[in-house]
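Chemist: Can you keep this structure in mind? I'll have questions shortly.
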Amino acid sequence: MNILMILFLILAFICIKEILEKRDFKYWLLLTVFSVLAAYSHYFAAIPIILIYLVLLVYLLLNRNEEFFKPELKNYFISAILGILCYLPWTFA
């Protein structure tokens with residue numbers, strides 16, 4: 001399971017790179033999917049996932065480009081909330 005966690009975390013980092021370069025919504029969805037899959041594979045994956053989302057939020061807040069800021073912030077919160085909602089059933093199992 002640790003190998004799966006590492007794989008999904010690496011894929012999440014690749015999605016972040018694509019988000020910052022291409023700003024496409026499909027990479028936000030992939031980030032959500034890989035984050036949830038990493039957390040499903042091992043509980044300790046929640047720590048790097050939370051850090052990934054916090055660093056991404058800080059980056060978005062510090063680099064406020066008026067053209068991309070609001071849509072990217074909206075995509076960020078959609079991704080974060082969707083990830084939390086997908087992980088909630090696992091916490092009660």
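The values are calculated or read from the model by the stated rules, or taken from the named source; none is laboratory data. The structure presented is a predicted model; accordingly, all values stated were derived computationally and were not measured. We place every Cβ from the backbone using ideal geometry, glycine too, and count neighbours over all the protein chains shown. Ligands, DNA and RNA are excluded from the accessible area calculation, which covers all protein heavy atoms including side chains. Shrake-Rupley method; radii C 1.70, N 1.55, O 1.52, S 1.80 Å.
Chemist: Against the definition (surrounded by 13 or more Cβ atoms within 10 Å (Cβ to Cβ) and either modelled with pLDDT under 90 or more than 10 Å from the chain's Cα centre (by Cα) (or both)), how does Phe92 come out, yes or no? Lay out the reasoning, then the answer.
Modeler: Working: surrounded by 13 or more Cβ atoms within 10 Å (Cβ to Cβ): no; either modelled with pLDDT under 90 or more than 10 Å from the chain's Cα centre (by Cα) (or both): yes.
No; evaluated as a whole, the condition is false for this residue.
Chemist: Against the condition of a type in the set (Phe, Trp, Tyr) and open to solvent by 80 Å² or more (accessible area, probe 1.4 Å), how does Phe34 come out, does it pass? Give the derivation first.
Modeler: Values: of a type in the set (Phe, Trp, Tyr): yes; open to solvent by 80 Å² or more (accessible area, probe 1.4 Å): no.
So Phe34 does not fit the description; no.
Chemist: Checking the conditions here, which among Leu54, Leu20, Leu29 is farther than 16 Å from Ile81 by Cβ and open to solvent by 20 Å² or more (accessible area, probe 1.4 Å)?
Modeler: Every option except Leu20 fails the conditions.
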